[in-house]
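For reference, the structure is listed below as structure tokens.
We did not get these values from a lab; they are worked out from the coordinates using the rules stated. Not measured: the values here are computed from a predicted model. Note that we place each Cβ from the backbone using ideal geometry, even for glycine, and neighbour counts take in every protein chain shown.
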Ligand SMILES: [Zn+2]
Ligand SMILES: [Zn+2]
């Protein structure tokens, strides 16, 4: 994503004849103010740019940005840059365009110290929030009353944006560990491990099977020494998240959880002949009575319990939610952890892969039709344990379906009988009413004697439920 943005940025810059990274030549601009825009000091073209942003006209904005006397980081009277305006209005295309033209994502000249990321969070647009972070927005910048972007978004109830901010961990922050610090002769993290580790950190699917799959995806990581280095870096970042001024418990918990997974991988690589395949098997193995993966549940519970900062509010919340639950019941540890870290709710919905927890799975086991997978690879991994339960699940489903069919049939018959009875009654009633009418007393008669009374219209619709 970063790479394509930079490419686009360079292409846009060269095609428009501007260079976002260096100061333009004096002939291009009004005298003296190009390097440091002042509040409210806007050229007419810059005003046009703000108008185009406000109207959401990307084409016009793009044209204006190609003009000579436009500074992409110009400031209106409140100290808002064009990017802040676009972010606040929730216009993703506009934000992208401005970033391509070198908009400063960390400009903090706003009168109340708001940054573009804060405006993105306030807008409630997760894609824009992500875009700002990806462009290098600082998450710990605070406004004039000491609030971070995440805190401001939380304050106005934009929790999805809070999650995006709290889960974001830039590659740059990880790359810090690829350089020797202080007296170190070698870095804590070899450069070649930074990419694969970052991919694991950015995963929003916390299912341990998926995490182990991500480790296995990269041969560089399938090595005890490499895993140990990554694990130590995860613990260091976790500590940093807890000890920094604006504590980020969510990210700390995620880093700790990843470190536990890496440690487990390392143990299996050392001790087991079947290595990481063995770990996946352990994580997936279901118990005899109902196929519930006990090892996985216990492993995740243990990861949470081992979180080294016992005062953390998040840890206490997690423990409170999980401790009273008997193993095998809902909520599972992974659903509680996932919700705490990613904010994802409704985790038990049917669309998650039974093996790896990936969202959007739609391949059903053709025999029992009760479990779903991303693909055949996920199904194959699960089969060794699912095959013990598959038949039983199939029988359960068939029994359930047969019972439902029987219930439906019974109900239809009952309704038919009832409807018949009621029709007879209605007809009798009708003749009584008619005779009453004839005899001169007041009675309500249907407009058309062929229509059943209103009460007969409703019952059939609710039959299909379970
Ligand atoms: Zn899967
Ligand atoms: Zn099955």
inquiry  = For a protection proxy built on the mean count of beta-carbon atoms within 10 angstrom, sort 354-364, 286-296, 392-402 highest first, please.
reply    = 354-364, 286-296, 392-402
Segment residue 316-residue 138, extension gain: residue separation times 0.36 nm, minus the distance between their alpha carbons = 61.2 nm
ask   = Where the eigenvalues come from the Cα gyration tensor of the range 362-411, what are the semi-axes √(5λ) of the equivalent ellipsoid, largest first, in whole Å?
value = 28, 12, 5
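Provide the gained length on full extension for the span residue 388 to residue 306, in nm with one decimal, where the gain is 0.36 nm per separating residue minus the Cα-Cα distance.
26.2 nm
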task = Return, ordered by residue number, the residues of the range 305-321 whose backbone nitrogen is under 19 Å from a label point located 7 Å along Cα→Cβ of residue 339.
result = 305, 313-321
remark   = So, with points 7 Å from each Cα along the Cβ direction, the residue 127-residue 424 label distance in nm works out to 6.4 nm
Protection-proxy order for peptides 258-267, 69-78, each taking the mean of Cβ atoms within 10 Å per residue, highest first = 258-267, 69-78
query = In nm, to one decimal, how far is the residue 217 label point from the residue 68 one, both placed 7 Å along Cα→Cβ?
reply = 5.0 nm
query = Peptides 180-186, 123-129: what's the order by average Cβ count within 10 Å, highest mean first?
reply = 123-129, 180-186
key: Simple label model, 7 Å out from Cα along Cβ direction - residue 272 to residue 412, nm   = 5.1 nm
task = Give me the distance between the Cα centres of the range 232-284 and the range 144-213, rounded to whole Å.
result = 14 Å
query = Relative to the compact globular guide of 2.2 N^0.38 Å, what is the alpha carbon radius of gyration of the range 151-310, as a ratio?
reply = 1.11
key: Computed lengthening from residue 329 to residue 359, 0.36 nm per intervening residue step minus Cα-Cα distance   = 8.7 nm
